[in-house]
1. Restricting to the stretch 68-89, and then to whatever is small (Gly, Ala, Ser) and in a helix (DSSP H, G or I), can you tell me which residue is surrounded by the fewest Cβ atoms within 10 Å (Cβ to Cβ)?
2. Please go through the stretch 32-50 and give me each residue that is out of contact with any helix residue (DSSP H, G or I) (no Cβ under 8 Å at 6 or more places or on another chain), surrounded by 15 or more Cβ atoms within 10 Å (Cβ to Cβ) and assigned to a strand (DSSP E or B), ordered by number.
3. Quick check on my filter: what residues within the stretch 276-322 are of a type in the set (Gly, Ala, Ser), over 22 Å from Ile71 (Cβ atoms) and either within 16 Å of the ligand (Cβ to nearest atom) or surrounded by 14 or more Cβ atoms within 10 Å (Cβ to Cβ) (or both)?
4. So which helices (runs of 4 or more DSSP H) stay within the stretch 325-390 end to end and still have 1 or more residues that are basic (Lys, Arg) and within 17 Å of the chain's Cα centre (by Cα)?
5. Taking only the stretch 109-127 into account, find how many residues are surrounded by fewer than 18 Cβ atoms within 10 Å (Cβ to Cβ) and either within 16 Å of the ligand (Cβ to nearest atom) or closer than 17 Å to Glu62 by Cβ (or both).
6. Checking Thr250 against (1) part of a strand (DSSP E or B); (2) within 15 Å of the ligand (Cβ to nearest atom): exactly one of these is not met. Which one?
7. Can you give me the ranges of the helices (runs of 4 or more DSSP H) entirely in the stretch 147-247 with at least 2 residues that are within 13 Å of the ligand (Cβ to nearest atom)?
8. Suppose the filter is crowded, with 18+ Cβ neighbours inside 10 Å and farther than 18 Å from Ile299 by Cα; does Ile29 pass it?
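Values in this text are rule-based calculations from the coordinates and carry no lab data. Note that the structure is predicted; figures quoted are calculated from it, not measured. Cβ atoms come from the backbone with ideal geometry, glycine included; neighbour counts cover every protein chain shown.
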Amino acid sequence: MKITNAFRWKENSLQPCEIRVKDGMIAEIKNQMEEVSGEEVFDARGALVAPGFTDVHIHLREPGAEYKETIASGTGAALKGGFTTVCPMPNTSPVPDTKENLKNLMSRIKNDAVVEVLPYASISLGQKGESLTDMKALKEAGAFAFTDDGVGVQEASFMKKAMQNAAVLGMSIVAHCEDNGLAGSGVVHEGEVSERLELPGIPSSAESVHIARDAILAGETGCHYHVCHVSSASSVRVIREAKNAGINITAEVTPHHLLLNESDIHKDDAMYKMNPPLRSEEDRQALIQGLEEGTIDFIATDHAPHSEDEKQQSMRKAPFGITGLETAFPLLYTSFVRNGNWTTGQLIEWLTAKPRKVFSMSQRTLEPGQPATLTFVDLYTEEEIDRHRFLSKGKNTPFHGAKVSGIPKCTMIEGHIAWEGWNK
Ligand SMILES: [Zn+2]
């Protein structure tokens, strides 16, 4: 098959590109190539072609909360968003905290997933922060890394032991940083918004105190330590200092923390409730700077689907989280690339090469010998985000109605069209 009429990001610009695919692999890639008679031709309609994106932080909700999302629906959403590798968090029921539970999860993935799914295992049994899991057995069963995402690991000595064990195995500890005592029963950022809406607040320190503690422990144990969804300026500062001190620390930021701040919350609306919360404009600017300078390594969505009923409740009661897989690229492209702040290449790198490098996954590039696992993005047509058209079961997003371009229109896995959404 020959892919024609595409553009790739090369040498700092968009260049016309044609790709020859053989046996699911990229056989040839050039600005223009000869046609072989009788060859099947795939017209990319002027789209940007990029390696399929990688998201190391999503929630698939299966097993245990299939009314929110399933492996099938969540990976369908990933395909539509241009993601071909995703890593689901272990806060499911049961938790993948034993070899058996992880193997059960892997067999569900094998049956239902439409993209590559690399699941995390938990740090503690039941994510309770009391007993460590058998990391060796979980690694052998195929765990991607270890995390108790959804909750913070409260005890420093417990985290240290987890890091020691992970370091011996050459595995990463991935942390949702939240000190329960400081976070209390907060539902929004402690600051302007918590005062204005008279809602309990979560201070930035609830996050940054854990990062500071863990950075020191990572330095002591030599463990690779990765911080989930960084949200505050103080956290960026701590990570920057830790990196400067030579500690093996990496970090991610979500699209919503890059795009929104507490002032975007106009009323008690649970579509804006996520953990960590949307913080101040100063925090948002620090996150953007942190990403641009490399203190924050890449972008992950923290795709967190919930049911309509759950999200229609007050922020005091509704669960934390918003969906992200189907909106990430267009939102970021529209807000940061179209206005010239970032290049298309930077955004692709933060969604593919960087996360893969941090977690030592094989790189995905547009080169011969690579799988033809590709995302095609229409950079120009403007559309409104319509949450009712999500493939995810979770329709919970604060971005409904946002006008965006940079919309993924087709995703190919090893040369096969896995999803297509071109306008007729
Ligand atoms: Zn989390």
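1. Filtering the stretch 68-89 for residues small (Gly, Ala, Ser) gives 72-74, 76-78, 81-82.
After this cut, where a residue has to be in a helix (DSSP H, G or I) as well, the list is 72-74, 76-78.
Numbers: Ala72: 18, Ser73: 22, Gly74: 30, Gly76: 24, Ala77: 30, Ala78: 32.
Step by step, filter the stretch 68-89, then rank; the result is Ala72.
2. Of everything in the stretch 32-50, those that are out of contact with any helix residue (DSSP H, G or I) (no Cβ under 8 Å at 6 or more places or on another chain), surrounded by 15 or more Cβ atoms within 10 Å (Cβ to Cβ) and assigned to a strand (DSSP E or B) turn out to be Phe42, Val49.
3. First pass over the stretch 276-322, keeping only residues of a type in the set (Gly, Ala, Ser): 280, 286, 290, 294, 300, 304, 307, 314, 318, 321.
With over 22 Å from Ile71 (Cβ atoms) added as a condition, the list becomes 280, 286, 290, 294, 314, 318.
Correct list: Ser280, Ala286, Gly290, Ala318.
4. Helices (runs of 4 or more DSSP H) meeting the threshold: 353-358.
5. First, the residues of the stretch 109-127 that are surrounded by fewer than 18 Cβ atoms within 10 Å (Cβ to Cβ): 110-112, 125-126.
Filter again for either within 16 Å of the ligand (Cβ to nearest atom) or closer than 17 Å to Glu62 by Cβ (or both), leaving 110-112.
Final tally of qualifying residues: 3.
6. So Thr250 meets the others, but not (2).
7. Values: elements: 156-169, 180-183, 192-196, 205-221, 233-244.
The helices (runs of 4 or more DSSP H) meeting that bar are 205-221.
8. Details: crowded, with 18+ Cβ neighbours inside 10 Å: yes; farther than 18 Å from Ile299 by Cα: yes.
Criteria met by Ile29.
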